[in-house]
Structure formats: structure tokens, C-alpha cells
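**Student:** Sending over a structure as C-alpha cells; questions will come in a sec.
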2 protein chains.
Amino acid sequence: MVAEIITIGDEILIGQIVDTNSAWLGRTLGDAGIRIGRIVSVADRAQEIEQAIRNALTRAELVLTTGGLGPTKDDITKRTLADMFSMKLVRNEEAFRWVKEMIEARGLVFNELNQSQALLPDECTMLPNRNGTAPGMWFDLDGKVLISLPGVPFEMKELIKNEVLPRLQAHFALPRNLHKTAITFGLAESMLAETIAPWEAALPPHLHLAYLPSALGIRLRLSVYETDDPHAAAEIDEQFARLEKLIPAYIVGYGETSLEEATGALLIEHQESVATAESCTGGNIAHRFTAHAGASAYFRGGVVSYANEVKTAVLGVDSQALAREGAVSRIVAEQMAEGVRRATGATYGLSTTGVAGPDGGSPEKPVGTVWMALATPNGVYAFKRRFSSLRSENIQRASSFTLNLLRLYLKGLLKPE
Amino acid sequence: MVAEIITIGDEILIGQIVDTNSAWLGRTLGDAGIRIGRIVSVADRAQEIEQAIRNALTRAELVLTTGGLGPTKDDITKRTLADMFSMKLVRNEEAFRWVKEMIEARGLVFNELNQSQALLPDECTMLPNRNGTAPGMWFDLDGKVLISLPGVPFEMKELIKNEVLPRLQAHFALPRNLHKTAITFGLAESMLAETIAPWEAALPPHLHLAYLPSALGIRLRLSVYETDDPHAAAEIDEQFARLEKLIPAYIVGYGETSLEEATGALLIEHQESVATAESCTGGNIAHRFTAHAGASAYFRGGVVSYANEVKTAVLGVDSQALAREGAVSRIVAEQMAEGVRRATGATYGLSTTGVAGPDGGSPEKPVGTVWMALATPNGVYAFKRRFSSLRSENIQRASSFTLNLLRLYLKGLLKPE
């Protein structure tokens, strides 16, 4: 089944905001078996909105609009929809109660502007918005469906999950598709494909595998389409269990798990803690750990040792070794990891020292060269990699590689180099 | 003048990537006097690409496509354009030389797949791509213009700046518009508007002011449209100089400057340095400083003191004060800033300690409460704020507020509280 998306709002066309809603809708509706055929962004102008909707309805069974539902005069989606389908804007009593509760819960005055949010085209179905004052609207149009949603991402997403998808599944008798996604880290796509070829070849024909690139690594999605089999989810789980046996070191987790969350969960399980000593990653690893709620259970702290004096004074790196080998060296990485472990009392210490670029490279240590180490109660492990020529990419990739060292160690899978 | 954008590629429709190109094009072309009328995303299918281009050309004088120019068989934009305009794909000798140089400079083999990048429709103008192997293409179509660019953002942007905009200005005799944008921080839009009302009222009528929201704060843009006046740029500068006198503390810089870059530039000017002691911001301030090339000139390092023992052992915070006042307190923020200044030998120390949330709040110190301090050679300054209920927002806002403390101090504008 094919749907089209229409995003409404001058702010997208003038580039004031990036449209992140459409990508989320593409993934979420795609998982439900709805393919997005086209995405169109138009201005807050009645004629353009109407034309875009009429065109989309000639091609697709389902049209979703986002945006233009605020209470101010710029926002004309609701009025335009009422006009184009010859409906009246009338007060929807259920919407009125929702909006009133929402406004009063925020301690605001329920004034005329807010009350206008409860005016809806009289023949649409109101979709309650639990995160804002603009209700969603569902229009049945001779077998096709038009859905209008607010543009604020967390309002739109909640409406899709709780109101739109269940109704779409019922209305279009959508097939039940099952998906589960494994996050991999550490293997390029071609290597991954080669390594898991025997597993892939042995998959039963009704299990479909997709390789999905992501910022972290390749994600592997297994899908069963149009199924009523109550065992389908268990069958997917079994296949992923087999995959884990084949590539135990490369699967970080399932769904939306990040490296730092997977590592944090293992630390909680082991009742252990970590601290970081960062040079070239400049605090990025600490920031990634602490961006997640509950990090204080396993993250004790860190040192960003940009200046060499901080490496020696705070982390206890040997100044003679530093002078002899340079800051970007195995011994400095090892002593940084051990130093922060000692200084913070953490079970483990992680360190990075490298040439992030764009300057500071040399023939022996070109931009992108990074030494990374993990200090444990039973010894220290150091690794050298050359990443990229881009500073931001070097910071991200060195952070991920270092986080992964601890994840592998905690799973008993770290191989010293 | 109105343009339309067509982004080509399944990866946008299935939500694998977010389309950031369109917002950048909206801003960049908007500054050049070209309004984006519509943005359409279509799949890598010849019929859909052709239909979208034909429709766009009925409405707009200029149509820009991005994507679908890679060398693999998924990428069909070039072949589709040749077919729809009855042109032949022929080897473009200039493109051939460019692509060959590009491939060989990367140490790769110039194979048949790469050579196909130099095949172009015979009646288009080749736009050289300095950052990749897919040339841009310019088609003159009975007074209208169609431009096809690669989808990789840094290739597309370079082509727009160096090849497309100069040609568009010549071809359409575009009016010369001048813009300059000031970045403000620390005043909400309504307060800012009230404060600068006298300045705004005194602007000459040919200078246009726009308020543009951004992640950091409100940006103020002054524009002169359709001007040949050689003094127009100086006139904008003079008006911004007057604005700076009115709100000296609130203007961070111009263009794309960030708070950390503005602060770093002041530190370089003063030949001074900074170090950070972060609790609730978890390394984010250090990460923001060090994300910029050249940070080692002024950033000495930092400590992320998540655990209380790190606050006392590494930063020398008084354990009795910590027990008495709690970690989120004036005295702990002050001692953290002084401690990291002392430990690293930096001129200044910055600190944060607060309740990032979602847990850990109390009636006296609800989620979002943060103490922040700046230690200087002449004393320490501490500030308390309550930001938000969202963890990520608290981390970002506390980081920005703290960076701004040092910026204000270095400009002689910090007011103790």
C-alpha cells in the first residue's frame, strides 16, 4: 500500500527547520507495510495546500499532512481542509475537553485562541493529541483516507503510534508484519555480508533480511510479512540467537540500543564502574555516557587531558615517556587509562589520545591516528587505529571504538592486539 | 523569483536518511533572492523523476534536483534526464579529466564504473564537482533552468557556492541582496524585541530586520534588497555597531559563530586558557570546546566529576561542605571551578553541578536546578538557574549558560549575582 506525505509550513521551505518528521514517518509506516511514494513540502497557502492534497489523492490511497495546525493566523491547514471538502468548522466537544484539560494542566488561561483549537471540520474524526492542543483529524474520502497531524515531532509521533496506526491497521486490513533489528558494530558491510553468508543462506524463505546503514554501524533487520503465525516473533528471536553465536563480538543489541547504553547495561549487571581519560575525543565519551538517564550508577567521572601537563599532573602519566614517545603513543594511552582508573576508583579506565585534525599530523602520525586503551583490574589493553581526515568523524569513531573495547571485555570477547 | 527542489532517492522515502540539503538550499537560495516554492522527494524511478520535473517546470523558473548521480545502477537521474530531453550520454572530456584526477588523488583505480561518471547528456553544461566524482549539470530549457546536483551534502554545497550561484546571478540578472546575521544569546524573543524596539524603530526603511529562532538563541538578520549601493554593507555594519552598544552582553557574534568559538577567540586574544569541571553537563562543555580545530590553543582540559569522590579527590572539593550543602550547591560549584583551575594551571575554571533529570529531583532542588561557576585569578562567581524538565535540554542549556559566563567576563560584562 502506498501513502504520500505533505508537510505544510513556510519554515521548512525557507530552511528555518529541517524536516525530520518525514524520515521518521518513512521508517514507522514502512514497518507497518505502508510505502511512502512521495513527500511534498508546501507553503502555508490555501491554494498550494489544496492542490498538493488533490494531486496526492489521485496517486495514493492514504495521504498524511503535518503542520499548520497551530492557533495563530499563519496556520491555515484546518480551515483549508474544511473549505476544500465543503465542511463546517464546529466545536468538537471531546476536543474541547482535551484542550481545556491540557491548557489548565499547564497553568495557562483557556482563552479564545486556545478554544479555537477545538474547532474541527464537522465530518472528520477527531484524533486526541496527548502532547499538545492541536487534535489530529481523519477524513474518509470515498475509500481513500486523509489524515492531518500537527508538525511538532513529539505530538505527531504520539498520534501516529496511539491513534493513527491502530486505525490504519483496522481500516485497510493491513497485513501484520513483524520486524526486529540487530545493531552491529565493527564490521564494514561487505565483511559483515561475507561473514554471515552461511546464516543468511539458511534462513527460511518467509524470513526476510535487510542491511540498513546507520551512523553507528550496519543494522540487520529480520521481517516476516503478512503473518498470523503466533510463533513468528519467537522464530525471529531464534534466528538472531543463531546469528549471535556466529558473530558474538559484533552485535551490540536490538532496536535502538547505543554502544554506551549496551556498555552501561553490562556494567550495571556486573555491578562495576568506569571512568574516562580523553585527549583527542575531548569529553565526547563522557558526554555520551552521561547523556543517558541513570549513568551515575556506573559512570564515576572522567578527565579531559588536552594539555600534556594535565596528563602528567592529574593522570600521573610519566613525563619522560611522554617526551620520548609523544602524546599519541601506546604508553601514554595505557598510563592515561590506568591513571583515571586509579584517580576515580572506577573498576575500568578508558582512554584516547590521537590526532583529531585538521592540523597536527606528521608522516609517522598522520591525522586520524588514535591510540585507545582499556585499563582493568587484570591489566591494560591498547589499540591503535587510523580513522579519517575529518575532525568530527575522528572524534565520533574513536569514541565508539573505545566504548566498544569495554563492551567486548565485559562480554569476555576482547582480543588483545 | 521562485525555484522548486526535487530530491531523488529511495533512502529519503524509506527514512534511512533525513533530508538536510533542502533546508540548507532554502536558506542559501533565499539569501540570494530565490524563494523555494515547493520541495518534492521522489523514488529512484524514471517515471516518477520525469513527472516531478515536468510538473515543477510548469510552476517555477528554476528547478534543482539533488541525488541519484552515483555510479551504481540504482542511480538513474542522469539517464532519465538524457531520455526526457532526447539527449545522448557522451563522454565529457573536461569531466573525464576532473574525475580521473579525483580518483587517482584518492589512490583508487580509474575503472569503468568511475569512468561512467564522465558521461553526460550532450547538451548540458558540466559543473565541476571539487569534492566528488559526480559532476553537476545545467540545462537551459526555453528560458527556464534545470540543475542536477549530487545528493552528498558537502559536494552539493560546494557546487552551489562556486558554480551554481554565480551562474544564476548572471543568467537571471538576480538583484543583489545583502544580509548579515547577528547571533544573540540570553534574551527570549519577546524581551529582545522590547529591549531593541528603539533601535528597530530608527532603522531606515530600506534596511529590513528579521527575527530568526535557532538552537542557541534568536538570530537578528538585517537585509538590503535589490541594491547597487556600494555603501550598503557598511551601513548594515554601522547599524549592528549601534545595536551592540544597546545590548553589548547579548550579541555573541555574526554569521555562524557559536558560543564556544566566540569564547575561544576571546581567550586567544587575551592569551589565556580555560579548564572545565563538569558534573551535570557530563563533559558536554569540554566536547563543545574541543569539537573545533585549534582548541588546544586555549583549552587545557577538564574533569567530569560525576561521583562525589571525584569532586573531592580530583578537584579538592571540601567533603564536609559537600555533605552539608549537597552536590548541587553554590559552594560545591565554586570549589569545583577553583579546583580545576588549580589542577590544570588554566587561567579560568568553569563548573556545573545540577539535577539533569529525569530522576534525582527534590522539592528544594527540582529537576533542572543547576549551579554554575567561573573561577578567575580575581575571584569566583556562581550562578543558579532552573532550566527544564528534559535531560538533554538541561545539559545543553547549562553548557551554554556556563560558556557564556566566561565570554561575558572576558568582555568585561559579567554581572555577579
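**Student:** Is it true that A:ARG79 is assigned to a helix (DSSP H, G or I) and of a type in the set (Lys, Arg)? Even if it seems obvious, please write down each step before you answer.
**Tutor:** Values: assigned to a helix (DSSP H, G or I): yes; of a type in the set (Lys, Arg): yes.
When the stated conditions are applied, A:ARG79 passes them.
**Student:** For segment B:128-137, name all the residues that are surrounded by 15 or more Cβ atoms within 10 Å (Cβ to Cβ) and part of a loop (DSSP other than H, G, I, E, B). Spell out how you get there, then give the answer.
**Tutor:** Keep residues of segment B:128-137 that are surrounded by 15 or more Cβ atoms within 10 Å (Cβ to Cβ), which gives B:128-129, B:131-137.
Selection gives B:PRO128, B:ASN129, B:ASN131, B:GLY132, B:THR133, B:ALA134, B:PRO135.
**Student:** Tell me, yes or no, whether segment A:330-338 has at least one residue that is more than 12 Å from chain B (Cβ to nearest Cβ), β-branched (Val, Ile, Thr) and within 26 Å of A:SER392 (Cα to Cα).
**Tutor:** Of segment A:330-338, the ones more than 12 Å from chain B (Cβ to nearest Cβ) are A:330-335, A:337-338.
With β-branched (Val, Ile, Thr) added as a condition, the list becomes A:331-332.
This time we only want the ones that are within 26 Å of A:SER392 (Cα to Cα), so: A:331-332.
Yes.
**Student:** From the list A:GLY345, A:GLY357, which residue is at pLDDT below 95, within 11 Å of chain B (Cβ to nearest Cβ), in contact with a helix residue (DSSP H, G or I) (Cβ under 7 Å, 6 or more places away or on another chain) and surrounded by fewer than 23 Cβ atoms within 10 Å (Cβ to Cβ)? Let's see the steps before the verdict.
**Tutor:** Working: A:GLY345 fails: at pLDDT below 95.
After applying the criteria, what remains is A:GLY357.
**Student:** Identify the single condition in (1) in contact with a strand residue (DSSP E or B) (Cβ under 9 Å, 6 or more places away or on another chain); (2) of a type in the set (Ser, Thr, Tyr); (3) under 28 Å from A:VAL317 (Cβ atoms) that B:THR369 does not satisfy, given that it satisfies every other one.
**Tutor:** For B:THR369, the exception is condition (3).
**Student:** Right, here's the next one. Can you say whether A:GLY368 is more than 11 Å from chain B (Cβ to nearest Cβ), surrounded by fewer than 18 Cβ atoms within 10 Å (Cβ to Cβ) and free of Cβ contacts under 8 Å to residues at least 40 places away in the same chain, as far as the supplied structure shows? Steps first, please.
**Tutor:** Working: more than 11 Å from chain B (Cβ to nearest Cβ): yes; surrounded by fewer than 18 Cβ atoms within 10 Å (Cβ to Cβ): no; free of Cβ contacts under 8 Å to residues at least 40 places away in the same chain: yes.
In short, no.
Table: residues versus (1) assigned to a helix (DSSP H, G or I); (2) of a type in the set (Val, Ile, Thr); (3) over 33 Å from the mean Cα position of the chain (by Cα).
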site: A:VAL90; (1), (2), (3): no, yes, yes
site: A:GLU94; (1), (2), (3): yes, no, yes
site: A:ARG97; (1), (2), (3): yes, no, yes
site: A:MET102; (1), (2), (3): yes, no, no
site: A:PHE110; (1), (2), (3): no, no, yes
site: A:LEU113; (1), (2), (3): yes, no, yes
site: A:SER116; (1), (2), (3): yes, no, yes
site: A:GLU123; (1), (2), (3): no, no, yes
site: A:MET126; (1), (2), (3): no, no, no
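**Student:** Which one is farthest from the other protein chains (Cβ to nearest Cβ) among residues in segment B:295-323 that are crowded, with 23+ Cβ neighbours inside 10 Å and without any contact (Cβ under 8 Å) to a residue 24 or more places away in the chain? Even if it seems obvious, please write down each step before you answer.
**Tutor:** The first filter runs over segment B:295-323 and keeps only residues crowded, with 23+ Cβ neighbours inside 10 Å, leaving B:298-306, B:310-311, B:314-315, B:317.
Now restrict to residues that are without any contact (Cβ under 8 Å) to a residue 24 or more places away in the chain: B:310, B:317.
Details: B:VAL310: 4, B:VAL317: 12 Å.
The residue in question is B:VAL317.
**Student:** Taking the criterion of being more than 11 Å from every other protein chain (Cβ to nearest Cβ) and either at positive phi or touching a residue at least 40 places away in the same chain (Cβ under 8 Å) (or both), would at least one residue in segment B:36-45 satisfy it? Talk me through it step by step, then tell me what you get.
**Tutor:** Kept after step one, since they are more than 11 Å from every other protein chain (Cβ to nearest Cβ), are these residues of segment B:36-45: B:44.
With either at positive phi or touching a residue at least 40 places away in the same chain (Cβ under 8 Å) (or both) added as a condition, the list becomes none.
No, because not a single residue in segment B:36-45 is more than 11 Å from every other protein chain (Cβ to nearest Cβ) and either at positive phi or touching a residue at least 40 places away in the same chain (Cβ under 8 Å) (or both).
**Student:** When segment B:383-403 is examined, which residues are found to be more than 10 Å from chain A (Cβ to nearest Cβ), under 12 Å from B:THR369 (Cα atoms) and touching a residue at least 40 places away in the same chain (Cβ under 8 Å)?
**Tutor:** Those that are more than 10 Å from chain A (Cβ to nearest Cβ), under 12 Å from B:THR369 (Cα atoms) and touching a residue at least 40 places away in the same chain (Cβ under 8 Å): B:LYS384, B:ASN394, B:ALA398.
**Student:** OK, next. Mind listing just one residue for me: the one in segment A:10-21 that is surrounded by fewer than 24 Cβ atoms within 10 Å (Cβ to Cβ) and touching a residue at least 12 places away in the same chain (Cβ under 8 Å) and, of those, nearest to the other protein chains (Cβ to nearest Cβ)? Let's see the steps before the verdict.
**Tutor:** Going residue by residue through segment A:10-21, those that are surrounded by fewer than 24 Cβ atoms within 10 Å (Cβ to Cβ) are A:10-11, A:14-18, A:20.
Then drop every residue that is not touching a residue at least 12 places away in the same chain (Cβ under 8 Å), which leaves A:10, A:20.
On the way: A:ASP10: 10, A:THR20: 5 Å.
Across segment A:10-21, the extreme among qualifying residues is A:THR20.
**Student:** Restricted to segment A:53-85, and to residues that are within 28 Å of the chain's Cα centre (by Cα) and under 20 Å from A:GLU11 (Cα atoms), which residue is surrounded by the fewest Cβ atoms within 10 Å (Cβ to Cβ)? Can you show your working first?
**Tutor:** Residues of segment A:53-85 that are within 28 Å of the chain's Cα centre (by Cα), as a first pass: A:62-70.
Within this subset, residues satisfying the condition of being under 20 Å from A:GLU11 (Cα atoms) are A:64-70.
Numbers: A:LEU64: 28, A:THR65: 26, A:THR66: 29, A:GLY67: 28, A:GLY68: 26, A:LEU69: 27, A:GLY70: 20.
Among residues in segment A:53-85 that are within 28 Å of the chain's Cα centre (by Cα) and under 20 Å from A:GLU11 (Cα atoms), the one surrounded by the fewest Cβ atoms within 10 Å (Cβ to Cβ) is A:GLY70.
**Student:** Going through A:SER389, A:SER399 one at a time, which residue ends up being modelled with pLDDT under 95 and within 19 Å of A:ALA188 (Cβ to Cβ)?
**Tutor:** Values: A:SER399 fails: modelled with pLDDT under 95.
When all the criteria are applied, what remains is A:SER389.
**Student:** Residue check, A:GLY30 against (1) more than 21 Å from the chain's Cα centre (by Cα); (2) within 7 Å of chain B (Cβ to nearest Cβ), all met but one. Which one?
**Tutor:** Against the list (1) more than 21 Å from the chain's Cα centre (by Cα); (2) within 7 Å of chain B (Cβ to nearest Cβ), A:GLY30 comes up short only on (1).
**Student:** Being acidic (Asp, Glu) and more than 14 Å from B:LEU25 (Cβ to Cβ) is the filter; apply it to segment B:138-162 and report the residue that is surrounded by the most Cβ atoms within 10 Å (Cβ to Cβ).
**Tutor:** B:ASP140
**Student:** Give me a count of the residues in segment A:30-42 that are in contact with a Lys or Arg (Cβ under 8 Å, 6 or more places away or on another chain) and either more than 16 Å from A:GLU11 (Cα to Cα) or surrounded by fewer than 23 Cβ atoms within 10 Å (Cβ to Cβ) (or both).
**Tutor:** The initial filter retains those residues of segment A:30-42 that are in contact with a Lys or Arg (Cβ under 8 Å, 6 or more places away or on another chain), namely A:37-38, A:40-42.
Then keep just the ones that are either more than 16 Å from A:GLU11 (Cα to Cα) or surrounded by fewer than 23 Cβ atoms within 10 Å (Cβ to Cβ) (or both); that gives A:37-38.
Total satisfying the criteria: 2.
**Student:** Are any of the residues in segment B:336-346 under 18 Å from B:THR369 (Cα atoms) and without any contact (Cβ under 8 Å) to a residue 60 or more places away in the chain? Please lay out each step first, then the result.
**Tutor:** Going residue by residue through segment B:336-346, those that are under 18 Å from B:THR369 (Cα atoms) are B:336-337.
Subsequent filtering for residues that are without any contact (Cβ under 8 Å) to a residue 60 or more places away in the chain retains B:336.
Yes, segment B:336-346 has at least one match.
**Student:** Kindly indicate the residue of segment B:257-289 that is free of Cβ contacts under 8 Å to residues at least 24 places away in the same chain and in a loop (DSSP other than H, G, I, E, B) and also surrounded by the most Cβ atoms within 10 Å (Cβ to Cβ) among those meeting that condition.
**Tutor:** B:GLY283
**Student:** Quick test of your reading of the structure: A:ALA327 fulfils all but one of (1) within 13 Å of chain B (Cβ to nearest Cβ); (2) part of a helix (DSSP H, G or I); (3) in contact with a helix residue (DSSP H, G or I) (Cβ under 7 Å, 6 or more places away or on another chain); (4) small (Gly, Ala, Ser). Name the failing condition by number.
**Tutor:** (2)
**Student:** I'm trying to understand the selection: among the residues of segment A:257-282, which are more than 15 Å from A:VAL340 (Cβ to Cβ) and of a type in the set (Ser, Thr, Tyr)?
**Tutor:** A:THR257, A:SER258, A:THR263
**Student:** How many of the residues making up segment B:108-122 are farther than 15 Å from B:LEU69 by Cβ and surrounded by 14 or more Cβ atoms within 10 Å (Cβ to Cβ)? Before you say what the answer is, go through the steps one by one.
**Tutor:** Residues of segment B:108-122 that are farther than 15 Å from B:LEU69 by Cβ, as a first pass: B:108-112, B:122.
Within this subset, residues satisfying the condition of being surrounded by 14 or more Cβ atoms within 10 Å (Cβ to Cβ) are B:110.
So the answer is 1.
The values are calculated or read from the model by the stated rules, or taken from the named source; none is laboratory data. The structure presented is a predicted model; accordingly, all values stated were derived computationally and were not measured. Here the Cβ is made from the backbone with ideal geometry for all residues, glycine too, and neighbour counts use every protein chain on show.
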